[in-house]
């Protein structure tokens, strides 16, 4: 499989998930501003959406949308425990987190903040809303090392990305959220993904 990613975009969550699952992936960096791959190819020729993550499966099929890619990778390695079994309450807690991060933080806040032609008033609203969302997240992470249960899941991959980006835009994380994301960043798979994306960013 091949993962098309942009360094430190939300595709980092899929990159982390693959490494946590022990799934070998070919990696292709994409510059989202130009929609060109690191090799200079037209990314729209790969995905009509022009968005990351985009996963090319072994049979050539294309899968897009972060939460779909995360679940696909987790289901490809069920022994990893990255997505609890169907019918278990923890599975739906993981899906609950995926939806919250995807809609309330990623699209509602970051999607507006990073849209070049969004009005300044909209960007300011999104930045204020982000603080409120982060406060909720911190309240749910009190005394917790992981978002759901007692081990790492795809909810942690996506949530940790969102919190790392929050730090990059100057948001202050509450102690519970800060301790959580610092713990996640110590994981070898997370460190390896970040190192690979740092290297990709330096050559783009």
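Bear in mind these aren't lab numbers, they're just calculated from the coordinates by the rules spelled out. Predicted, not measured: the structure shown is a model, and the values here were computed from it. Neighbour counts are summed over all protein chains in view; Cβ atoms, including those assigned to glycine, are modelled from backbone coordinates with ideal geometry.
Which of 169, 137 has the fewest other C-beta atoms within 10 Å, and how do the rest follow up to the most?
Working: 169 12, 137 25.
So the ranking, lowest neighbour count to highest, is 169, 137.
Tell me whether the stretch 134-204 comes out rounded, prolate or oblate; compute the Cα gyration tensor, take square roots of the eigenvalues as a ≥ b ≥ c, and use a/c under 1.5 as the rounded threshold. If you can, show how the numbers build up before the last one.
Numbers: a/c = 2.56, a/b = 1.46, b/c = 1.75.
Here the stretch 134-204 falls in the oblate category.
Select from 144, 187, 168 the residue whose mean-square fluctuation is largest in a Gaussian network model of the chain (Cα-Cα springs shorter than 10 Å).
In the Gaussian network model the winner is 168.
Taking the Cβ-Cβ separation of residue 2 and residue 108 as r and a Förster radius of 41 Å, what is the calculated FRET efficiency to the nearest 0.05?
Values: r = 30 Å, r/R0 = 0.73.
After rounding to 0.05, the efficiency reads 0.85.
Distance between the C-alpha centers of the stretch 56-72 and the stretch 3-33? Whole Å please.
11
Given an 8 Å cut-off on Cα distances and at least 6 residues of separation, report the relative contact order of the chain as a percent.
Numbers: 274 pairs, mean separation 49.2, N = 204.
RCO, the chain: 24 percent.
Considering only 141, 159, 70, give the residue with the highest GNM mean-square fluctuation for the chain, with springs between Cα atoms whenever their separation is below 10 Å.
It is 141.
What does the helix-only formula give at 222 nm for the chain: each DSSP H stretch with n ≥ 4 adding -39500 (n - 2.57), the total divided by the residues, and the result rounded to the nearest 500 deg cm²/dmol?
Helices in the chain give a 222 nm mean residue ellipticity of -15500 deg cm²/dmol.
If neighbour count is taken as other Cβ atoms inside 10 Å, put 181, 30 in order from fewest to most.
181, 30
Taking only C-alpha pairs under 8 Å that are 6+ residues apart, what is the relative contact order of the stretch 87-204 in percent? Could the numbers behind the result be given before it?
Working: 85 pairs, mean separation 30.8, N = 118.
Reported as a whole number, the value is 26 percent.
Length gain on complete extension for the stretch residue 92 to residue 202, per 0.36 nm per residue less the alpha carbon to alpha carbon distance? Provide the component values of the computation, followed by the final result.
Details: separation 110, 0.36 × 110 = 39.60 nm, distance 3.81 nm.
Net length gain for the segment: 35.8 nm.
What FRET efficiency comes out for the pair residue 178/residue 45, r = Cβ-Cβ distance, R0 = 41 Å, nearest 0.05?
On the way: r = 41 Å, r/R0 = 1.01.
Once the sixth-power term is evaluated, E becomes 0.50.
When only Cα pairs under 8 Å and 6 or more residues apart are kept, what is the percent relative contact order across the stretch 11-70?
Working: 58 pairs, mean separation 16.9, N = 60.
It rounds to 28 percent for the stretch 11-70.
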